[in-house]
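I'd like to ask you about the structure that follows.
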Protein chains: 4
Amino acid sequence: MRDSLADLRERTRAFAAARDWEQYHTPKNLAMALSVEVAELAEHFQWLPTGRAGELAGGQHEAIRHELADVLLYLVQIADKLDVDLHAAALEKIQLNAIKYPPPEP
Amino acid sequence: MRDSLADLRERTRAFAAARDWEQYHTPKNLAMALSVEVAELAEHFQWLPTGRAGELAGGQHEAIRHELADVLLYLVQIADKLDVDLHAAALEKIQLNAIKYPPPEP
Amino acid sequence: MRDSLADLRERTRAFAAARDWEQYHTPKNLAMALSVEVAELAEHFQWLPTGRAGELAGGQHEAIRHELADVLLYLVQIADKLDVDLHAAALEKIQLNAIKYPPPEP
Amino acid sequence: MRDSLADLRERTRAFAAARDWEQYHTPKNLAMALSVEVAELAEHFQWLPTGRAGELAGGQHEAIRHELADVLLYLVQIADKLDVDLHAAALEKIQLNAIKYPPPEP
């Protein structure tokens, strides 16, 4: 089975090509669209007292699920435009974070 | 080989657990952290004339790569806290988008 | 006539008090709400080729005007909660920016 | 004394003109810069348990004050580019909000 991130890269490419949307999909525009989707996600949490999952209303879960999907789809497209391997970049960043924030001694 | 999104879910869980950071990682706080990382990404593009990849300075590519990684890592963590399968959610969203924006007739 | 920022501070205070909304209006929640409104503003510009005002559709101006108002109203409320005089802070920031970015020699 | 918002409009105009920055200041770019500043503000709050002002560390107040100033300065510049009177727009929005969210009966 194809890797999930590679699969989404192929699917978003085909989706944009079929609609002739590549002309709008500069990295800048995609980054702006990403920030809009992230705000739509954040909106579900903005007035919660602490933000724990249990404070969400029942009906919000499905909406949040779709916002998370939108964020991922734009992220995959920006990475694709800039020839970034998201998984490799994330592994590298985890290593850098592990150096920056070493775990406490046991 | 493990799927990339599943792999990152495991790694971010272990990373947070080793540092006792789960107490800070409410979905709300992670959504806020996600929006901060997306802005750090957007900052690279804000003054570009059109935002095409060719307008970026050479040194920006590595920094952008790390910002994309940060966005993905927070996204994976929010999805994990809310028991959302990101790949399944993205596939579903692509199908909904295909209905909402049908491709033009050939 | 009252100063515009002072006027809005009084009006937002009265508005929140009449609805018993102060309990939700922590600086953190207001900052999150501010970021959501800014994204609603940004959404109008995300697919424009360069983003000059002339590229906007006619009907967008009124919607943008309301988004700008929303941004200002949340900004005024955060500043109020944190006892920040927005005008004085902005004057100070302009002075700091003038040192950081000196104008070119004539 | 000049009104605070009118004063900042004049000052930001002069500042940009002296540096020949108008070429970068499309409404789109300013909206993107605004979203970046809002995220820098939000960053101060992202890991707080509830986000009340008392949870902030002492040294954060001055930094937050400057972020609030940055947000206001970009907001004033976008409004200026789009010929929006921010105070008038905010008054109108408060009236619309009062209809949308009527205060509870006493």
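A short reminder: the numbers here are calculations on the coordinates, not readings from a lab. Small disclaimer: the values here were computed from a predicted structure and weren't measured. Heads up, the Cβs are rebuilt from the backbone with ideal geometry, glycines too, and the neighbour counts pull from every protein chain shown.
So which trypsin sites (Lys or Arg not before Pro) in chain D end up in coil per DSSP with only 15 or fewer other C-beta atoms within 10 Å? Numbers along the way, then the final one.
Working: sites: D:2, D:9, D:11, D:13, D:19, D:28, D:52, D:65, D:81, D:93, D:100; in loops: D:2, D:19, D:52.
Of the trypsin sites (Lys or Arg not before Pro), the ones in loops of chain D whose Cβ has at most 15 other Cβ atoms within 10 Å are D:2, D:19, D:52.
Right, here's the next one. Mind checking region C:39-106 for GluC sites (Glu not before Pro) that DSSP puts in a loop (not H, G, I, E or B) and that have at most 13 other Cβ atoms within 10 Å? Don't jump to the answer; show the numbers that get you there.
On the way: sites: C:40, C:43, C:55, C:62, C:67, C:92; in loops: none.
Nothing satisfies the criteria.
So, one more: For chain B, what relative contact order do you get, as a whole percent, if you take Cα pairs closer than 8 Å and at least 6 residues apart? List each step's numbers first, then the result.
Working: 50 pairs, mean separation 39.2, N = 106.
For chain B, the relative contact order is 37 percent.
Among the listed pairs C:81/D:93; B:81/D:28; C:28/C:100; C:93/D:28, which have their C-alpha atoms separated by more than 26 angstrom in this model? Please list the in-between numbers first.
On the way: C:81/D:93 21 Å; B:81/D:28 34 Å; C:28/C:100 29 Å; C:93/D:28 22 Å.
Among C:81/D:93; B:81/D:28; C:28/C:100; C:93/D:28, the Cα-Cα distance tops 26 Å for B:81/D:28; C:28/C:100.
How would you classify chain B from its alpha-carbon gyration tensor, with a ≥ b ≥ c the square roots of the eigenvalues: rounded for a/c under 1.5, else prolate if a/b is greater than b/c, otherwise oblate? Walk me through the numbers before you get to the answer.
Details: a/c = 2.04, a/b = 1.17, b/c = 1.75.
Note, shape of chain B comes out oblate.
Please list the three semi-axes, largest first and in whole Å, of the ellipsoid equivalent to region C:36-84, using sqrt of 5 times the eigenvalues of its alpha carbon gyration tensor.
Over the Cα atoms of region C:36-84, the semi-axes work out to 27, 10, 8 Å.
May I ask for the equivalent-ellipsoid semi-axes of the protein assembly as shown, computed as the square root of five times each C-alpha gyration tensor eigenvalue and listed largest first in whole Å?
Working: eigenvalues 233, 136, 102 Å².
They are 34, 26, 23 Å, listed largest first.
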